[in-house]
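The values are calculated or read from the model by the stated rules, or taken from the named source; none is laboratory data. Bear in mind that the values here come from a model prediction, so they are computed numbers and not experimental data. All Cβ positions, glycine included, derive from the backbone under ideal geometry; neighbour counts span all protein chains shown.
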Amino acid sequence: MEERLMARLESAVARLEALSLRGGSVAGSGGDDASATDPSIVAFEDFMGAYLGRVSSAGEKIGGQVLAVTKILEQALNMQKELLIKIKQTQKPDLAGLAEFLKPLNEVIMKANSMTEGRRSDFFNHLKAAADSSTALAWIAYTGKDCGMSMPIAHVEESWQMAEFYNNKILVEYKSKDPNHVEWAKALKELYLPGLRDYVKSHYPLGPVWSATAKAKAAAPSAPAPPPPPPASLFTSESSSPSSSKPKVGMAAVFQEISSGKPVTSGLRKVTDNMKTKNRADRTGVVGASEKESRTSSPSFSKAGPPKLELQMGRKWVVENQIGRKNLVIDDCDAKQSVYIFGCKDSVLQVQGNFYTL
């Protein structure tokens, strides 16, 4: 109970700090306060207090990189809470606006992913478990069945399945070595299953509910100093760069020209009578003797393959495409072997010994 109260107190302090950074005040943020006391937001704080505290406590006992990635996880959950508050005050944006709105959360998640890169750490399994599981927080990006991702509950479960492989490695490796690592791994799993999954199931089974009456745009919540730009984003928008700004090529350019209403042949040169082949003085239609000779004297293309003289599978001598060879000899032929000759010209083959067939 004490850990839960402490977690809620820390959450309240973090919220006050965020308000001061935005230049607001507690008294002047009536809309934010109303959203912050919404049952779904209070339930999110309860969820963090019940599950995140165990992960943080175990991470502090381990220290090092495990503690660092645990703090990033705390930051990601706090950022998700801030976004959930903002969603209640914001109309649903388009795809590009959604990517911008979720950018602060994405930056924190990518910070966790960056810890798994580079030289492999002794706590690589911890880092991967935390980073892969943090993608479960992307359930907030669900906008409908056509958005290209699983529904929120399924997304949380699938994200944990990616992380569970590394989490199980921690349990096996530290089962008889260090109970703090075992506690951290167990607490991490419970943070998502049942923690986050049950929260989403109770409050947002069909995705976040945007405001129908609030302002169309709202600034994304402020975040601590962002890390270097990540190589990729969990929330991307293909529609952010309109295709009309790119010059059309190929058939697209043709259809664009047709639909413009301009004469399609306006840029073509007109062929006059003296340019036509039948009226040109230098084209009589008679093939000259020298041209005819040059055509007939050109060597024909040979389709013959490379010359062969080899024993295949111990049973068959193959002689192919031998041209002008007078000294071909098969000197080790027995009665069980056959000789196959194809495509040879002006050549002599001597077979020493008996053979089955030719």
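Quick rundown of the values:
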| item | result |
| --- | --- |
| Filter pass, L98 being modelled with pLDDT of 95 or more, in the same structural domain as D132 (by TED's automatic domain parsing), within 24 Å of S159 (Cβ to Cβ) and assigned to a helix (DSSP H, G or I) | no |
| Identity of the residue in the range 109-122, among the aliphatic types (A, V, I, L, M) and not in a loop (DSSP other than H, G, I, E, B), that ends up farthest from the chain's Cα centre (by Cα) | A112 |
| Any chance G53 is touching an Asp or Glu at 6+ places or on another chain (Cβ under 6 Å) and in a helix (DSSP H, G or I) | yes |
| Number of positions in the range 133-188 that are loosely packed, with under 15 Cβ neighbours inside 10 Å, small (G, A, S) and either more than 24 Å from L95 (Cβ to Cβ) or over 25 Å from the mean Cα position of the chain (by Cα) (or both) | 1 |
| Pairs where the first residue, in the range 78-107, is surrounded by fewer than 17 Cβ atoms within 10 Å (Cβ to Cβ) and the second is in a strand (DSSP E or B), C-beta under 8 Å, 6+ apart | Q89/K215; Q91/K215 |
| Of residues in the range 123-146 being in a loop (DSSP other than H, G, I, E, B) and without any contact (Cβ under 8 Å) to a residue 40 or more places away in the chain, the one farthest from W160 (Cα to Cα) | D146 |
| One residue from L83, L73 being of a type outside the set (S, T, N, Q) and either closer than 20 Å to M115 by Cα or touching a Ser or Thr at 6+ places or on another chain (Cβ under 8 Å) (or both) | L73 |
| Close pairs from the range 37-60: first in the same structural domain as R197 (by TED's automatic domain parsing) and basic (K, R), partner surrounded by 15 or more Cβ atoms within 10 Å (Cβ to Cβ) and at pLDDT 95 or above, Cβ under 7 Å, at least 6 apart | R54/A187 |
| Q75 being modelled with pLDDT of 95 or more and polar (S, T, N, Q) | yes |
| Candidates V351, V318, filtered to the one that is more than 57 Å from the chain's Cα centre (by Cα), at pLDDT 80 or above and not polar (S, T, N, Q) | V351 |
